[in-house]
Amino acid sequence: MSCRLQSHAIYMGIHPSAPTGNAIRILLVEDHPIVGEEIYELLATYPNIDLIGRAQDGQEAVLKVDTLQPAVVVMDINLPIMDGIAATRLIKRRHPHVVVIGLTAAREEYLVYAMLKAGAHEVLAKENAEADLYTTIQRGVAAANTILILKEDQNNSDTTTSSDKSSELSAGRRAANTDSENL
């Protein structure tokens with residue numbers, strides 16, 4: 001994003017790390033190679049998902065969020081070096097706009113509670129990921145009020161500028177807020 005467009009996006013209330021194009025930028029954090037590959041392949045089947053990276057421990061996840069600026073982090077709770085709970089707490093402190101979705105194979109309620117308290121939007125059982133992960137990502141992005149910045153398709157000859165699109169998104173947001181206030 002150019003400096004001018006980035007400044008305009010911040011002015012318009014759009015965070016520069018919000019997803020670009022029609023895709024939600026996702027970082028996957030999973031230490032088990034086979035499970036990580038299965039979840040990565042599952043995420044790759046979803047429309048509008050941009051898999052921007054992977055991490056294998058909580059410390060690596062925090063560093064990658066700093067550099068890659070994802071909109072969503074799909075995070076295992078049980079990780080080496082730094083667990084998913086501590087990593088989520090740090091990520092949410094540094095990047096409160098990032099949506100963290102916890103994944104766990106464990107059923108202990110205290111882990112789920114700790115992950116939610118650390119700032120996770122939701123925690124899913126890994127065995128339910130195939131059925132629930134995509135809708136959980138969509139709900140998390142919507143709940144965080146993340147605005148998808150529409151990027152012109154390389155093959156599209158649309159002449160609408162990014163500035164015009166940002167204004168349209170902002171106007172739509174104001175109209176939605178006005179409608180909800182009138183209810």
Some residue of the stretch 36-47 being under 21 Å from R139 (Cα atoms), at pLDDT below 95, part of a loop (DSSP other than H, G, I, E, B) and under 13 Å from the mean Cα position of the chain (by Cα): no
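Applying the selection to the stretch 101-116, what residues are part of a helix (DSSP H, G or I) and either acidic (D, E) or more than 16 Å from G58 (Cβ to Cβ) (or both)?
Going residue by residue through the stretch 101-116, those that are part of a helix (DSSP H, G or I) are 109-116.
Selection gives E109, Y110, V112, Y113, L116.
Among the residues in the stretch 64-72, are any under 17 Å from A143 (Cα atoms) and not in a loop (DSSP other than H, G, I, E, B)?
Here is the first cut: in the stretch 64-72, the ones under 17 Å from A143 (Cα atoms) are 70-72.
Imposing the further condition that a residue be not in a loop (DSSP other than H, G, I, E, B) reduces the set to 72.
Yes, because at least one residue in the stretch 64-72 is under 17 Å from A143 (Cα atoms) and not in a loop (DSSP other than H, G, I, E, B).
Name the single residue, out of those in the stretch 1-35 being among the aliphatic types (A, V, I, L, M) and at pLDDT 50 or above, that is farthest from V73 (Cα to Cα). Steps first, answer last, please.
Taking the stretch 1-35 first, the residues among the aliphatic types (A, V, I, L, M) are 1, 5, 9-10, 12, 14, 18, 23-24, 26-29, 34-35.
Those left that are additionally at pLDDT 50 or above: 23-24, 26-29, 34-35.
Details: A23: 14, I24: 10, I26: 6, L27: 5, L28: 6, V29: 7, I34: 19, V35: 16 Å.
The extreme case among them is I34.
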Please verify whether the stretch 71-91 includes one or more residues that are on the phi > 0 side of the Ramachandran plot and among the β-branched types (V, I, T). yes
All but one of (1) of a type in the set (A, V, I, L, M, F, W, C); (2) in contact with a His (Cβ under 9 Å, 6 or more places away or on another chain); (3) touching a residue at least 60 places away in the same chain (Cβ under 8 Å) hold for L103; state the number of the condition that does not hold. (2)
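The values are calculated or read from the model by the stated rules, or taken from the named source; none is laboratory data. Being a predicted model, the structure only gives us computed values, none of them experimental. Methodologically, a virtual Cβ is constructed for each residue, glycine included, from the backbone with ideal geometry; neighbour enumeration extends over all protein chains shown.
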